[in-house]
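Readers should treat all values here as calculations from the given coordinates under stated rules, not as data from a laboratory. Just so it is clear, the model here is predicted, and its values are computed rather than measured. All Cβ positions, even for glycine, are placed from backbone atoms using ideal geometry, and neighbour counts span all protein chains on display.
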Amino acid sequence: MADDIRNGEILDTEASESASNFIFDFVNEDIESGKVNKDAITTRFPPEPNGYLHIGHAKALCIDFLTAQKFNGRCNLRYDDTNPIKENVEYAESMQEDIKWLGFNWDGMYYASDYFDTMYECAVRLIKNNLAYVCDLSADEIREYRGTLTEPGKESPYRNRSVEENLDLLARMKAGEFAEGTRVLRAKIDMASPNINMRDPVVYRIMRVEHYRIGSKWCIYPMYDFAHPIEDMIENVTHSLCSLEYEDHRPLYDWVVNNCGLPARPRQIEFARLNLSYTMMSKRKLLQLVNEAIVAGWDDPRMPTLSGLRRRGYTPAAVRDFCERIGVAKTNSMVDYALLEHCVREDLNAGAPRMMAVLRPLKVIIDNYPEGQVEWFDVENNPENPDMGTRKVPFSREIFIEQDDFMENPPNKYFRLYPGNEVRLKNTYFIKCNEVVKDGAGNIIELHCSYDPASKGGNSPDGRKVKGTLHWVSAAHAINADIRLYDHLFTESDPGAAEDLHSIINPDSLEVLTGCKLEPNLALTKPGDHYQFLRMGYFCTDKDSTPDRLVFNRTVGLKDSWVKEVKKG
RNA sequence: UGGGAUGUAGCCAAGCCGGUAAGGCACAGGACUUUGACUCCUGCAUCUCGCUGGUUCGAGUCCAGCCAUCCCAGCCA
């Protein structure tokens with residue numbers, strides 16, 4: 001493994017300790033039966049560079065890399081770039097970044113497009129063995145000849161061309177003598193097969209399209225079903241792991257493996273792809289969201305892309321933990337988004353420093369606190385981890401608290417601030433609300449409170465208890481910020497099932513708060529930094545953030561049993 | 001009777017050679033709490049493993065039939 005592709009950011013992954021799964025069982029069988037050498041286990045992650053990687057790819061990445069790791073084998077990154085009209089460098093480069101971010105280091109990085117010569121040789125070999133032919137039928141005709149799910153197909157009139165003619169025609173296809181769509185190379189298998197994939201599938205098509213990395217070197221491009229097994233064989237992949245929809249393709253995969261004349265014998269194993277509630281993995285639809293500017297880009301924090309999750313504040317450890325928890329099976333399933341949220345909370349709870357930030361400020365004036373006085377309190381950075389130390393936070397006569405932390409007429413069980421009630425300001429003093437100041441419209445403008453000097457540090461020597469503890473920010477020391485709050489992008493739990501995306505877009509998926517008040521320690525934050533804003537959730541500094549204008553994204557809120565209480569009425 | 005696959009709690013998911021249903025998320029109670037967070041207890045399939053039969057002393061696990069759902073008719077991957 002080359003050092004230059006390690007990123008070292010991660011991780012504790014002991015794949016060998018992780019639970020087994022049916023793929024590991026298959027690999028073990030193959031080792032025990034002698035089919036493969038136990039030291040040669042090789043897998044690959046084979047994305048087509050036609051979009052950004054998403055959380056579904058993270059699952060595949062974990063399966064591919066951790067299976068290799070489990071058997072002390074290798075895992076390659078291989079770009080399956082056989083269809084130039086959909087691919088570009090931006091996508092290819094983003095994929096490397098995202099894979100490294102997740103903490104995986106590929107053993108080799110390859111491109112299907114580097115194998116085109118070998119693939120062409122394989123095609124020639126198929127022709128010579130009378131296993132492929134050039135077909136002049138149009139795309140529509142090929143479809144008609146293919147038959148239907150319940151009726152067999154008919155053989156192409158070009159099916160029995162001579163080897164010589166096929167060789168000549170293929171060479172001329174390659175040489176660019178024919179127009180796009182006029183001819184294809186087809187495998188000669190069985191037009192009556194109950195498996196439609198075996199009804200003389202197309203192997204090469206003519207495309208006069210510039211390829212994003214090899215330019216116009218080729219004008220014929222191999223199809224997935226032909227290219228993929230060859231790619232696997234070239235790289236000595238022993239186990240080609242893919243998603244369920246390729247089960248029907250396995251007989252064709254095996255056919256290519258057995259007939260193209262290469263020695264390797266990879267085995268394809270299929271698993272269920274990830275479905276996550278309230279979001280979707282369809283690259284076509286994600287691209288639509290980007291193109292129609294429904295989101296701000298592939299890395300919009302509401303996107304299920306790895307770049308979106310990263311910007312939102314998800315950590316690699318959380319994503320990996322999630323992938324481990326959902327398991328590997330063949331059942332089509334829909335995983336609850338709450339599980340992903342649980343995984344980030346767990347990771348961030350342990351590692352994110354705590355800060356105080358007031359998202360919707362309400363001014364509080366402590367009338368009996370000396371004007372001009374400032375006290376600096378030592379505050380723990382993370383109660384879960386004392387090693388993270390403490391910081392100094394300034395306290396003064398005028399502070400901000402959360403608007404939600406005061407109610408003039410509180411409901412039952414409300415133990416925050418209300419007229420006459422006493423609460424604790426985190427780490428500092430007890431305060432009691434004496435007066436509510438409103439504007440002409442009846443809106444609450446500010447509160448006048450009094451504090452108990454004896455309660456310094458947050459406890460009263462007389463043993464008096466308060467039920468509520470509020471976070472706060474000193475008004476004179478507060479720094480301003482914009483904070484973006486997110487909700488699901490879709491109103492339906494299975495948006496992939498909707499015919500029209502627009503009808504299920506959640507209009508409230510983004511809420512931008514301005515004028516939020518932060519404790520001054522946040523002034524030095526950098527994009528990508530994670531925090532827990534006390535009682536408000538986990539936040540991550542956005543890439544738009546500058547020292548002059550801080551911007552944060554809420555990754556996820558804290559669990560909140562009070563809102564549930566309120567909903568219960 | 002087109003082919004391929006899958007069906008275990010609200011959501012995931014263990015359950016290998018049959019022996020009397022792991023775990024996680026969610027949810028509900030409770031304890032603790034200077035975050036209504038975290039943590040910790042407790043509960044959460046007992047005519048039950050899609051259904052119906054069968055084999056067996058005994059079946060989620062074996063057999064048969066049925067039902068439901070998903071995938072496949074791109075010169076996409």
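Some points to look at:
- Out-of-range pairs (alpha-carbon distance over 27 Å; input A:K392/A:K526; A:K285/A:K567; A:K413/A:K465): A:K285/A:K567
- Residue ranges A:230-242, A:316-328 sort as A:230-242, A:316-328 when ordered by packing (mean number of other C-beta atoms within 10 Å per residue, highest first).
- At full extension, A:E93 and A:E408 could sit 107.9 nm farther apart than now, given 0.36 nm per residue minus the alpha carbon distance.
- Estimated 222 nm signal from helices in chain A, with DSSP H stretches of n ≥ 4 weighted -39500 (n - 2.57), rounded to 500: -8000 deg cm²/dmol
- Annotation: the antiparallel percentage among DSSP beta bridges lying fully within chain A is about 70.
- Gained length - A:E511 relative to A:K526, 0.36 nm times residue gap less alpha-carbon distance: 3.2 nm
- Residues whose placed amide H lies under 5 Å from that of A:I189, excluding near-sequence neighbours: A:D200
- From phi via Karplus (6.51, -1.76, 1.60), per-residue ³J(HN,Hα) for segment A:293-302 in Hz, x at Gly/Pro: 6, 6, 10, 7, x, 4, 9, 4, x, 8
- Database remark: amide H of A:F377 closer than 5 angstrom to the amide H of A:V393, A:F395 (H placed geometrically; neighbours at sequence offset of 5 or more, or on other chains; Pro and chain starts carry no H).
- The angle between the Cα long axis of helix A:163-175 and the main principal axis of chain A comes to about 40°, on a 0 to 90 degree scale.
- Rounded, prolate or oblate (a/c below 1.5 giving rounded, otherwise prolate when a/b exceeds b/c) for chain A by Cα gyration tensor: prolate
- Rounded to the nearest 10 degrees, the angle from helix A:224-234 to the longest Cα principal axis of chain A is 90 degrees.
- Taking amide H positions as modeled 1.01 Å from N, with prolines and chain starts lacking one, the residues under 5 Å from A:N76 and 5 or more places away or on another chain are A:T43, A:R44, A:F45, A:D107, A:G108.
- Between A:E144 and A:K567, the simple spin-label model (points 7 angstrom out along Cα→Cβ) gives 5.8 nm.
- FRET efficiency, 1/(1 + (r/R0)^6) with R0 45 Å, evaluated for A:N459 and A:R265 via beta carbons: 0.05
- Modelled this way, with points 7 Å down the Cα-to-C-beta line, the labels at A:D494 and A:E398 are 5.6 nm from one another.
- For trypsin sites (Lys or Arg not before Pro), the sites in segment A:126-155 that DSSP calls loop and that have at most 14 other Cβ atoms within 10 Å are A:K154.
- For segment A:325-444, relative contact order (Cα pairs under 8 Å, six or more residues apart, normalised by length) works out to 18 percent.
- A full extension of the chain between A:R325 and A:N195 corresponds to an added length of 43.3 nm, given 0.36 nm per residue minus the alpha carbon distance.
- Summed residue charge, Cβ within 11 Å of A:S138's Cβ, Lys/Arg positive, Asp/Glu negative: -2
- Each residue in A:Y451, A:Y429 was given a count of other beta-carbon atoms within 10 angstrom of its own, and listing them fewest first yields A:Y451, A:Y429.
- Net charge of the neighbourhood of A:N275, taken over other residues with C-beta under 11 Å away and scored Lys/Arg +1, Asp/Glu -1, is 0.
- Near A:R554, once Lys and Arg are set to +1 and Asp and Glu to -1 for all other residues with Cβ below 11 Å from its Cβ, the sum equals -1.
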